[in-house]
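The values are calculated or read from the model by the stated rules, or taken from the named source; none is laboratory data. Computed from a prediction, not measured in an experiment: that's the story for all the values here. When we count neighbours, we look across all protein chains shown, and the Cβ atoms used for this are built from the backbone with ideal geometry, even at glycine. Accessible surface areas use protein heavy atoms only, side chains included; no ligands, DNA or RNA. Shrake-Rupley method; radii C 1.70, N 1.55, O 1.52, S 1.80 Å.
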Amino acid sequence: MEITQLIPQFGGVIWTLLAFVIALSVIVAIHEYGHYIVGRWSGIHADVFSLGFGPVLMSRVDKHGTRWQVAALPFGGYVKFKGDDTATSGTADTAALEAMTEEERRQTMTGAPLWARAATVAAGPVFNFVLTIVLFTGIFMMQGQVSEPLTVGELRPMPSVQELQEGDVLLEIEGMPTPSFDDAEGFDSFLKNLPLQNSLTYTVERDGGRQEVSGPYVYPALVSQVVPRSAAIEAGMEQGDVIMAIDGVPIFAFDQLKQRVESSDGATLGLEVWRDGEILDLALTPKRTDEPLPDGGYHTVYRIGIVGGIFFEPATETVGPVDAVKGAVSRTYSIAAGSLSGLWHMIAGNISSCNLSGPIGIAETSGAMASQGGQSFLTFIAVLSTAVGLLNLFPVPVLDGGHLVFFAYEAVTGKPPSERALRALMSAGLVLILGMMVFALTNDIFCP
């Protein structure tokens, strides 16, 4: 293989690593800043705030005596509080504490009141959830909400006849009144009653008048987003692609594509794809996927990994900050609940353990989402931030949740666990976390 053939692959790896480092650095910085700022508010002094590990590339000491630094290995970070044994152990430096005055001990994690220690530890995951809510709030406000009645915004390029124009108000389609776009169930029922054909008749309001024009099927086999690590992305599919035929059989609707994929039983499919005026022949093999059900369970289906959409961007109107925050909180809760449900079903053996991704899978996903635009990348950061916050609340020693369990024990018994017990539990927790990381990494390598 010539070196010139390796350049695109090398560039793809660099892009993936860059996107991963940016996403991880933002999430870690927010998490650690939560520990730092709540600790400072609670009277606990931070000696070091580090973004990354290893050799220090740059640093400065602020007026509070905290050294802020950027280290060479950008895959994490930490806050070292006064009196800590090491940067990441979470245990006390006994000798240093014995040499301190009572006032100095109050500035350490060991000497601070229980409420201050608990608040400082809990702040890391809480700040991750806050980051998610802030990002989703911004995304919802940028997106806006679909205007009523449904109005044509930006038109997507399509291979079929297109007589609609931006600003057209959709009154009827094939003689049936257009329902509210916000009524998901009603809109879905409306789509199912439309004839499956390449061109439909739209009754629109344009320039104050009413007229009939022709346009594509409302919900065509259009690729509005490619799911990372999917059969579609492996086959080279891109946003904006329109699937025109499967194994030589013409299709017009996304539902036709979905039915054909689900009934494939994993057999390779030949797709005829329209892309910017050209016809491409692609082959891909659907993958078995575990998907959540409304009742909380899961079912296994075949998917190729694309998200559909209507053939135009609906016109939108501004969403107020209150509604945006409410939507962001709801989305954050939904992500957390779905993650816990998925983990439980994996442990119970109801779904494949391949659903657990490791660092390679997360890095690949970050690169794929970044390549699909800033909004997709911000959404990925928001979702990953929730996952990091949730993981850190697990009651495992070395994680924030483990420390909170220790504090709860202290609150009940009136004394903390012994130093010997703490070190043993921390070692066990570290082994458990490393085991999970190795397992997830194995999934990245061997799972399809």
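Hey, any hits in the stretch 340-354 for a residue that's under 26 Å from Leu257 (Cβ atoms) and either at pLDDT 90 or above or open to solvent by 30 Å² or more (accessible area, probe 1.4 Å) (or both)?
yes
What pairs can you find where one residue is in the stretch 171-196 and at positive phi, the other is among the hydrophobic types (A, V, I, L, M, F, W, C) and open to solvent by less than 70 Å² (accessible area, probe 1.4 Å), and their Cβ atoms are less than 9 Å apart, with a gap of 6+ or different chains?
Glu174/Leu194; Glu174/Leu200
Restricting attention to the stretch 404-416, which residues are open to solvent by 50 Å² or more (accessible area, probe 1.4 Å), of a type outside the set (A, V, I, L, M, F, W, C) and either in contact with a helix residue (DSSP H, G or I) (Cβ under 8 Å, 6 or more places away or on another chain) or within 29 Å of Thr16 (Cα to Cα) (or both)?
Pro416
Restrict the check to the stretch 75-91 and report whether at least one residue is over 27 Å from Ala387 (Cβ atoms) and either touching a residue at least 12 places away in the same chain (Cβ under 8 Å) or in a helix (DSSP H, G or I) (or both).
Yes, the stretch 75-91 contains at least one residue that is over 27 Å from Ala387 (Cβ atoms) and either touching a residue at least 12 places away in the same chain (Cβ under 8 Å) or in a helix (DSSP H, G or I) (or both).
Yes/no matrix, rows are residues, columns are (1) open to solvent by 30 Å² or more (accessible area, probe 1.4 Å); (2) in contact with a helix residue (DSSP H, G or I) (Cβ under 8 Å, 6 or more places away or on another chain); (3) under 19 Å from Ile304 (Cα atoms):
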site: Asn198; (1), (2), (3): yes, no, no
site: Arg210; (1), (2), (3): yes, no, no
site: Ser214; (1), (2), (3): yes, no, no
site: Tyr219; (1), (2), (3): yes, yes, yes
site: Gly248; (1), (2), (3): yes, no, yes
site: Asp265; (1), (2), (3): yes, no, yes
site: Leu280; (1), (2), (3): yes, no, yes
site: Thr289; (1), (2), (3): yes, no, yes
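Determine, yes or no, whether Ile310 is part of a loop (DSSP other than H, G, I, E, B), closer than 25 Å to Phe140 by Cα and not hydroxyl-bearing (Ser, Thr, Tyr). Show your work before the answer.
On the way: part of a loop (DSSP other than H, G, I, E, B): yes; closer than 25 Å to Phe140 by Cα: yes; not hydroxyl-bearing (Ser, Thr, Tyr): yes.
Yes: the conditions hold for Ile310.
Report yes if Glu185 is closer than 18 Å to Val146 by Cβ and assigned to a strand (DSSP E or B), otherwise no. Walk me through how you get there before you give the answer.
Details: closer than 18 Å to Val146 by Cβ: yes; assigned to a strand (DSSP E or B): no.
Spelling it out, it is not the case that Glu185 is closer than 18 Å to Val146 by Cβ and assigned to a strand (DSSP E or B).
For the stretch 49-59, does any single residue satisfy the condition of being more than 31 Å from the chain's Cα centre (by Cα), crowded, with 18+ Cβ neighbours inside 10 Å and in a strand (DSSP E or B)?
No - not one qualifying residue is present in the stretch 49-59.
Exactly one of these conditions fails for Ser330: (1) closer than 29 Å to Gln256 by Cα; (2) among the small types (Gly, Ala, Ser); (3) open to solvent by 50 Å² or more (accessible area, probe 1.4 Å). Give me its number.
(1)
Could you check how many residues of the stretch 368-403 are in a helix (DSSP H, G or I) and either surrounded by fewer than 18 Cβ atoms within 10 Å (Cβ to Cβ) or under 12 Å from the mean Cα position of the chain (by Cα) (or both)?
Within the stretch 368-403, residues that are in a helix (DSSP H, G or I) and either surrounded by fewer than 18 Cβ atoms within 10 Å (Cβ to Cβ) or under 12 Å from the mean Cα position of the chain (by Cα) (or both) number 18.
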